[in-house]
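Comments concern the structure below.
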2 protein chains.
Amino acid sequence: MFTGLSAFPLTPMNEQGIKEQEFTQLVARLAQAQVDSIGVLGSTGSYAYLSVEERARVAKLSVESAAGVPVVVGIGALRTRDVLANAEHAQQAGAGGLLLAPVSYQKLTDDDVFNLFSTVSRAISVPLCVYDNPGTTHFTFSDELHGRIAELPQVRSIKIPPVPYNLEDAKARVARLRALIPNDVTIGISGDPAAATGLLAGCEAWYSVMGGLYPELALALTRAAQAGDAEQAQTRSDALAPLWALYHDYGGSLRVAATIAELTGRASAPCLPQPLNTLQGEARQRVAAVIEALDLH
Amino acid sequence: MFTGLSAFPLTPMNEQGIKEQEFTQLVARLAQAQVDSIGVLGSTGSYAYLSVEERARVAKLSVESAAGVPVVVGIGALRTRDVLANAEHAQQAGAGGLLLAPVSYQKLTDDDVFNLFSTVSRAISVPLCVYDNPGTTHFTFSDELHGRIAELPQVRSIKIPPVPYNLEDAKARVARLRALIPNDVTIGISGDPAAATGLLAGCEAWYSVMGGLYPELALALTRAAQAGDAEQAQTRSDALAPLWALYHDYGGSLRVAATIAELTGRASAPCLPQPLNTLQGEARQRVAAVIEALDLH
């Protein structure tokens, strides 16, 4: 479940609701490419902007469209009550795994977060991935807290933020965490630009935004790293440097991925929930030029 | 509407729902003390943790219990769609004003936030207060952006984060913002420990957490500052220093206020939405000791 390439599709939407057909086409394309799992309602899937009811619907649609590929469903919410409802709906829909970030408005303590994971892990029957994304949750995990949470029932993976780009530093970072968690808990890299380094440094999974749009490219990079072909994995990542530069320059991967989806016909504009917007003007032209240059159609 | 003391009550709740009787008693007590306005569903009222439907109910209950004192209702949400629904429900309930923070999960740009306020200001018919709280929203307003938003229709106040404690520095900070906004837009201080300094530095309002529990004390401080009695205002604030120290040491005002409410019988435990918790153990004992020492029953 939590190894190899987990590809995260967008959830195209406008102010009226979810664009269901566009979403199911994105999911079906990932299934066709035979990614190792499909991660719906991640940050890329705009989970935080949807109601409990809308999330139940997305979970159902995704499993129906995944053609047997395991679906991981994001269940994070500000309230434990809503997290538990999301978990229940995702399990009823047939999710193979769940993904939980400690979303915050008021600053959370380590005890709050441990208790959240403890409560949820006791309420679910499928494997859980801990989603560590300080840029959006504003909660910073210590490795010690990761170690405590990784001992809880159902916890089987940790989705970590980007590792250092230097391979030796990346290996040291992964080894530090590895030493504190059970053997059956995988470590997965997020932040596409750090994916090759992360996989080569010992991460067993890549939780991938670009994999949600270009599953074949992401699979090729993943398989090269899994086979120990460091040069090919790194070369494939380096070839995408213009894409990574867009993430860097335009506030992260979501707006870039959504703009690409609009420009390539994968989603109709607008596809993000207001007040978020895809890139416009010069930024949009630059994205279009990168699509052209890298042949990312 | 947006001058003097605006007192912010807690919204006591547990995992089953809102404790309506406890909430209406808190509101009625503020009305009885004749605060200048009652600010429901602020950060202190845990607005971010409630559904659109629950927030409509709280808005209705608060106006019914406010005995004619103007009620300001917090309408912030991650999605513009939900902000507009909250605004509509609050106006239908009889809110005298609205309070809007740019809540974020994905990082917001200045354009996103301007467009949010522009959309909302065109959709409402009552005055709006801009809620600037970078500690919870993770969005930082520039004064230039405040100036642009303050020109929008319906915008009549800005709720600013704590000013510097040095009075001259505080005056300079308020004057900088004042120079960029229309004359009919007030500036209100938040962060109780900075309230006396903020009011003496030229803020026309105090958006107060402790005023939601102890309206008479907060009114006395406010009236002294409004009368230009700097010494009395500062002395009254200094007398509450042990309370401000609790805010500082325990992650802000919400957990302290909620713990006080539980300890003084204003709310039954638990009164915060999980995964948040009131203070326990030694921290709770220290809060109890401060209540005793300052006679805050």
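The values are calculated or read from the model by the stated rules, or taken from the named source; none is laboratory data. Remember, it's a predicted structure, so these values are computed and weren't measured experimentally. FYI the Cβ positions are ideal-geometry reconstructions off the backbone, even for glycines, and counts take in every protein chain you see.
The single condition among (1) within 14 Å of another protein chain (Cβ to nearest Cβ); (2) of a type in the set (Val, Ile, Thr); (3) in a loop (DSSP other than H, G, I, E, B); (4) over 24 Å from A:SER268 (Cα atoms) that A:VAL83 does not satisfy is (3). Inspect the stretch A:284-295 for any residue being under 20 Å from the mean Cα position of the chain (by Cα) and in contact (Cβ under 8 Å) with a residue 40 or more places away in the chain and give the result as yes or no. Checking the stretch A:284-295: not a single residue is under 20 Å from the mean Cα position of the chain (by Cα) and in contact (Cβ under 8 Å) with a residue 40 or more places away in the chain. Looking across A:LEU50, A:LEU116, one residue alone is under 25 Å from B:SER51 (Cβ atoms), touching a Pro at 6+ places or on another chain (Cβ under 6 Å) and among the hydrophobic types (A, V, I, L, M, F, W, C). It is A:LEU116. Looking across B:GLU54, B:GLU15, one residue alone is surrounded by fewer than 24 Cβ atoms within 10 Å (Cβ to Cβ) and either touching a residue at least 60 places away in the same chain (Cβ under 8 Å) or over 30 Å from A:PRO134 (Cβ atoms) (or both). It is B:GLU15. Scanning the stretch A:199-217 for residues that are of a type outside the set (D, E, K, R) and assigned to a helix (DSSP H, G or I) yields A:LEU199, A:LEU200, A:MET210, A:GLY211, A:GLY212, A:PRO215, A:LEU217. Per this entry, A:ALA95 is not counted among residues that are more than 10 Å from chain B (Cβ to nearest Cβ), of a type in the set (Gly, Ala, Ser) and on the phi > 0 side of the Ramachandran plot.
From the list B:GLY252, B:GLY212, the one residue that fits, being surrounded by 15 or more Cβ atoms within 10 Å (Cβ to Cβ) and modelled with pLDDT under 95, is B:GLY252. When the stretch B:11-49 is filtered for residues that are over 20 Å from A:ASP82 (Cβ atoms), within 14 Å of another protein chain (Cβ to nearest Cβ) and not β-branched (Val, Ile, Thr), only B:GLY42 remains. Checked against the criterion of being crowded, with 22+ Cβ neighbours inside 10 Å and assigned to a helix (DSSP H, G or I), the candidates B:ALA224, B:ALA196, B:ALA293, B:ALA220 yield just one match: B:ALA196.
The residues of the stretch B:142-151 that are farther than 20 Å from B:ARG79 by Cβ and either part of a loop (DSSP other than H, G, I, E, B) or in contact with a Phe, Trp or Tyr (Cβ under 8 Å, 6 or more places away or on another chain) (or both), listed by number, are B:SER142, B:LEU145, B:ARG148, B:GLU151.
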